[in-house]
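Worksheet for the structure shown next.
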Amino acid sequence: MEESLLQTYLVTGGAGFIGSNMLHFLQRERPGVRTINLDALAYSGNLRNLDGLDGSRHRFVKGDICDRALVTELVGQCDGVLHFAAESHVDRSIQDSSPFIRTNVLGTQVILDVLLDAKRSGASKRMLYVSTDEVYGSLPLDRPDLKFTERTPIDPRSPYAASKAGGDLLCSAYAHTHGLDIVTTRCSNNLGPRQLTEKAIPLFVTNLLQGKQIPLYGDGLNVRDWLHVDDHCSAVLAVMERGRAGEVYNIGGDNERSNLELVRAILGIMGHGESMIRYVEDRLGHDRRYAIDATKMHEELGWRPTRSAWPDALESTIRWYRENEDWWRSNDHAKIGNSARSKKG
Ligand code: NAD
Ligand code: DAU
């Protein structure tokens, strides 16, 4: 898709963590682009995340991606879709997978059907589906040489990952069967401003800010590949503008840390000792390790992370939570009782 032809993007889930960072990123990097932000303001959406956006280039619409009439109206007003809206938290999907299937599978299908209608009427529009590295399943700890590539078979292991894989597979099916212009990204764990305190880094940091311990699941040796959210946004933009239709692109920072290493880094930056770690019961089905091979992004689109250097990305993220206490306190309702997990010993 030609960059110059894009006037307006429909951004779904733009009141959430990554979606809102994408909106701010677009206003900085693409002054000519306008955005329509469709968000249901589920528990994870927050209008405060839109503070500071230039209202002449951004319009917020409260609504559900499963509402076909509304999606049809908004797709009619845009040139392309950046689809972030989702139920995004693994622990919630273990408690109840229903909202995950509804939003992540059925909601994605609604958008695809609307795009198919548009194509049949002669108005083909590109959609970027924001998938996740979790669709690949889990890697063993004793094979550090292994990473997920775009050819790694899909093997989701949590209800969240399965629902994202459902949306992901529907996208490739509509691209293949109907020739829809779909690109898909599969990114690793993000850190940065405005992430809900149900997720590991904001939970750990805000617990310490309140003098509470960090609840570390299992043995703490599970590994995640951390990427600053701005680097995710720059990758999404590169794929939207220059990715090949029907292709999948892995996004990652080559920044693997065990959860224990992550926690120790947070404790060091915030000036606390290991007595602030509380080992708790493990997450059911807890994926051991994620690691992304982003060679395709590097070689085909020339994308590289620029904000994910360690520990700088972690330090700047911690600083944001220190400086925005009113934001995270107003989001505390989103926690789902991680701290209520039983102590292991
Ligand atoms: P989030 O939970 O912070 O935000 C999700 C947003 O979607 C919220 O604003 C919510 O109100 C909205 N939403 C939920 N259901 C909706 C519906 N039915 N209709 C309209 N809006 C709805 O999530 P996030 O962490 O910002 O993740 C955004 C996307 O990126 C998701 O698709 C997620 O799977 C993917 N992803 C996240 C990460 C990560 O590390 N957070 C990494 C890779 C991929
Ligand atoms: O990999 C991409 C995925 O990253 C995204 O698709 C998901 O939307 C996003 O939530 C994230 O999933 P994770 O399950 O990896 O992230 P979470 O922040 O929930 O947990 C990170 C690690 O920390 C994981 O190994 C579980 C562990 N953890 C988490 C919490 C909330 C703990 O040890 N204690 C906790 O209290």
### Query
Does R288 meet the test of being closer than 24 Å to S138 by Cα and away from ligand 1 (no atom under 15 Å from the Cβ)?
yes
#### Entry: Among the residues listed as R224, R186, R194, the single one being more than 30 Å from E300 (Cα to Cα) and either assigned to a strand (DSSP E or B) or within 16 Å of ligand 2 (Cβ to nearest atom) (or both)
R194
### Query
Do we have any residue at all in region 23-35 that's more than 16 Å from V110 (Cβ to Cβ), part of a strand (DSSP E or B) and among the β-branched types (V, I, T)?
yes
### Enumeration of residues in region 238-289 that are under 19 Å from the mean Cα position of the chain (by Cα) and of a type in the set (F, W, Y)
Y249
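What helices (runs of 4 or more DSSP H) completely inside region 64-153 contain at least 2 residues that are over 30 Å from P215 (Cα atoms) and of a type outside the set (K, R)?
Details: elements: 68-75, 90-95, 108-120.
Fully inside region 64-153 and qualifying: 68-75, 108-120.
Look through region 170-181, keep the residues that are touching a residue at least 40 places away in the same chain (Cβ under 8 Å) and among the hydroxyl-bearing types (S, T, Y), and return whichever of them is surrounded by the fewest Cβ atoms within 10 Å (Cβ to Cβ). It would help to see each step written out before you state the result.
Of all residues in region 170-181, those touching a residue at least 40 places away in the same chain (Cβ under 8 Å) come to 170-172, 174-176, 178-181.
Filter once more, keeping what is among the hydroxyl-bearing types (S, T, Y): 172, 174.
Working: S172: 17, Y174: 24.
Per the criteria, the residue is S172.
Conditions (1) of a type in the set (D, E, K, R); (2) within 18 Å of M240 (Cα to Cα), marked per residue:
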position	(1), (2)
A86	no, no
H89	no, no
Q95	no, no
I111	no, yes
V114	no, no
L139	no, no
R151	yes, no
### Task
Would you confirm whether any residue within region 57-65 is surrounded by fewer than 16 Cβ atoms within 10 Å (Cβ to Cβ), within 13 Å of ligand 1 (Cβ to nearest atom) and either under 23 Å from E198 (Cβ atoms) or of a type in the set (S, T, Y) (or both)?
yes
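Would you check if there is a residue in region 301-311 being within 30 Å of D51 (Cα to Cα) and assigned to a helix (DSSP H, G or I)? Steps first, answer last, please.
In the first step, residues of region 301-311 are kept if they are within 30 Å of D51 (Cα to Cα); the result is 303-311.
Within this subset, residues satisfying the condition of being assigned to a helix (DSSP H, G or I) are none.
The answer is no; no qualifying residue exists.
Please determine whether any residue of region 154-169 is more than 14 Å from ligand 1 (Cβ to nearest atom), aromatic (F, W, Y) and crowded, with 22+ Cβ neighbours inside 10 Å. First the steps, then the outcome.
If we filter region 154-169 for residues that are more than 14 Å from ligand 1 (Cβ to nearest atom), which is where we start, we get 154-155, 157, 169.
Still in the running and aromatic (F, W, Y): none.
No, there is no match, as no residue in region 154-169 is more than 14 Å from ligand 1 (Cβ to nearest atom), aromatic (F, W, Y) and crowded, with 22+ Cβ neighbours inside 10 Å.
Here, each number is a calculation from the coordinates, and none is a lab measurement. Please read these numbers as outputs of a predicted model, since none were measured by experiment. Reconstructed Cβ throughout: ideal geometry from the backbone, glycine too, with neighbour counts over all protein chains shown.
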